[in-house]
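Undergrad: Shown below is the structure under consideration.
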Amino acid sequence: MQALTVTERALRQIKVLLESRAKPSVGIRIGVRTRGCSGHAYTLEFADQLNPLDEVVDVEDVKVIIDPKAILFLVGSEMDFLEENFQSGFTFKNPNEKGRCGCGESFHV
(Lines give C-alpha, C1' and ligand atoms only; values in the text may rest on other atoms or scores of the structure.)
Protein backbone atom coordinates (compact mmCIF):
# COMPACT_ATOMS: atom_id res chain seq x y z
CA MET A 1 0.00 0.00 0.00
CA GLN A 2 1.29 3.43 -0.93
CA ALA A 3 1.53 6.02 1.80
CA LEU A 4 -0.46 8.44 -0.37
CA THR A 5 -2.46 8.31 -3.58
CA VAL A 6 -2.62 11.31 -5.91
CA THR A 7 -5.58 11.96 -8.19
CA GLU A 8 -5.15 12.93 -11.82
CA ARG A 9 -6.37 16.49 -11.05
CA ALA A 10 -3.80 16.88 -8.28
CA LEU A 11 -1.04 15.50 -10.50
CA ARG A 12 -1.89 17.98 -13.28
CA GLN A 13 -1.75 20.90 -10.81
CA ILE A 14 1.54 19.69 -9.30
CA LYS A 15 3.04 19.59 -12.80
CA VAL A 16 1.80 23.14 -13.50
CA LEU A 17 3.40 24.37 -10.28
CA LEU A 18 6.70 22.58 -10.91
CA GLU A 19 6.89 23.85 -14.50
CA SER A 20 6.17 27.44 -13.46
CA ARG A 21 8.87 27.53 -10.78
CA ALA A 22 11.94 29.57 -11.71
CA LYS A 23 14.36 26.81 -10.66
CA PRO A 24 14.33 23.01 -10.90
CA SER A 25 12.78 21.01 -8.08
CA VAL A 26 13.10 17.39 -7.06
CA GLY A 27 9.33 17.39 -6.48
CA ILE A 28 6.86 18.67 -3.93
CA ARG A 29 7.04 18.01 -0.19
CA ILE A 30 3.98 17.40 1.97
CA GLY A 31 4.14 17.91 5.70
CA VAL A 32 1.95 18.42 8.70
CA ARG A 33 2.38 21.34 11.11
CA THR A 34 0.78 22.18 14.42
CA ARG A 35 -1.74 24.89 13.61
CA GLY A 36 -5.38 25.93 13.76
CA CYS A 37 -8.24 25.09 16.09
CA SER A 38 -7.99 21.32 15.71
CA GLY A 39 -4.23 20.98 15.99
CA HIS A 40 -2.72 20.07 12.60
CA ALA A 41 -2.63 21.49 9.08
CA TYR A 42 -1.17 20.18 5.83
CA THR A 43 1.76 21.99 4.25
CA LEU A 44 3.06 21.85 0.68
CA GLU A 45 6.30 23.28 -0.62
CA PHE A 46 8.79 22.77 -3.40
CA ALA A 47 11.48 20.22 -2.56
CA ASP A 48 15.00 21.12 -3.61
CA GLN A 49 16.54 17.90 -2.29
CA LEU A 50 15.64 14.51 -0.88
CA ASN A 51 16.39 13.86 2.77
CA PRO A 52 17.45 10.40 3.94
CA LEU A 53 14.21 9.59 5.82
CA ASP A 54 11.75 11.05 3.28
CA GLU A 55 8.99 8.81 1.97
CA VAL A 56 8.82 9.20 -1.82
CA VAL A 57 5.72 8.46 -3.86
CA ASP A 58 6.44 8.42 -7.60
CA VAL A 59 3.45 9.41 -9.69
CA GLU A 60 4.31 9.23 -13.36
CA ASP A 61 7.36 11.50 -13.63
CA VAL A 62 6.64 13.49 -10.45
CA LYS A 63 8.00 12.88 -6.97
CA VAL A 64 5.62 13.56 -4.10
CA ILE A 65 7.78 13.60 -1.00
CA ILE A 66 6.32 13.09 2.46
CA ASP A 67 8.18 14.57 5.39
CA PRO A 68 9.10 11.75 7.80
CA LYS A 69 7.36 13.55 10.69
CA ALA A 70 4.11 13.55 8.69
CA ILE A 71 4.01 9.96 7.42
CA LEU A 72 1.95 8.59 10.33
CA PHE A 73 -0.64 11.33 9.77
CA LEU A 74 -0.90 10.70 6.01
CA VAL A 75 -0.81 6.91 5.53
CA GLY A 76 -3.73 5.88 3.33
CA SER A 77 -4.68 9.44 2.33
CA GLU A 78 -5.75 10.67 -1.09
CA MET A 79 -4.52 14.02 -2.38
CA ASP A 80 -6.82 15.83 -4.79
CA PHE A 81 -7.12 19.30 -6.31
CA LEU A 82 -10.48 21.06 -6.37
CA GLU A 83 -11.45 24.17 -8.31
CA GLU A 84 -14.65 25.91 -7.33
CA ASN A 85 -16.11 29.32 -8.15
CA PHE A 86 -14.23 31.34 -5.55
CA GLN A 87 -11.48 29.04 -4.35
CA SER A 88 -9.15 26.29 -5.46
CA GLY A 89 -6.60 24.17 -3.69
CA PHE A 90 -5.27 20.79 -2.74
CA THR A 91 -7.45 18.64 -0.50
CA PHE A 92 -6.75 15.48 1.46
CA LYS A 93 -9.15 12.61 2.15
CA ASN A 94 -7.48 11.19 5.22
CA PRO A 95 -8.83 8.05 6.92
CA ASN A 96 -6.77 8.91 10.01
CA GLU A 97 -8.63 12.16 10.72
CA LYS A 98 -10.93 12.10 13.73
CA GLY A 99 -12.30 15.59 13.08
CA ARG A 100 -11.82 19.00 11.49
CA CYS A 101 -12.28 22.53 12.70
CA GLY A 102 -15.30 24.47 11.46
CA CYS A 103 -13.33 26.53 8.95
CA GLY A 104 -11.63 23.42 7.51
CA GLU A 105 -8.13 24.78 8.06
CA SER A 106 -6.99 22.12 10.52
CA PHE A 107 -7.66 18.56 11.62
CA HIS A 108 -6.93 16.19 14.48
CA VAL A 109 -6.10 12.48 14.58
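The values are calculated or read from the model by the stated rules, or taken from the named source; none is laboratory data. Computed from a predicted structure; not experimentally measured. When we count neighbours, we look across all protein chains shown, and the Cβ atoms used for this are built from the backbone with ideal geometry, even at glycine.
Undergrad: Do you know which of the residues in the stretch 67-99 that are assigned to a loop (DSSP other than H, G, I, E, B) and in contact (Cβ under 8 Å) with a residue 40 or more places away in the chain is nearest to Val26 (Cα to Cα)?
TA: Ranking the qualifying residues of the stretch 67-99, first place goes to Ala70.
Undergrad: Also, quick follow-up: Quick one: count up the residues across the stretch 5-30 that are touching a residue at least 12 places away in the same chain (Cβ under 8 Å), part of a helix (DSSP H, G or I) and of a type in the set (D, E, K, R).
TA: Here the count works out to 3.
Undergrad: Can you tell me which residue in the stretch 18-50 is modelled with the lowest pLDDT, limited to those that are among the aliphatic types (A, V, I, L, M) and surrounded by 15 or more Cβ atoms within 10 Å (Cβ to Cβ)?
TA: Applying the filter and picking the extreme gives Ala41.
Undergrad: Take the residues of the stretch 88-103 that are closer than 20 Å to Glu45 by Cβ and not hydroxyl-bearing (Ser, Thr, Tyr): which is modelled with the highest pLDDT?
TA: This residue is Phe90.
Undergrad: Read through the list (1) β-branched (Val, Ile, Thr); (2) loosely packed, with under 12 Cβ neighbours inside 10 Å; (3) touching a residue at least 60 places away in the same chain (Cβ under 8 Å), then give the number of the only condition that Val64 fails.
TA: (2)
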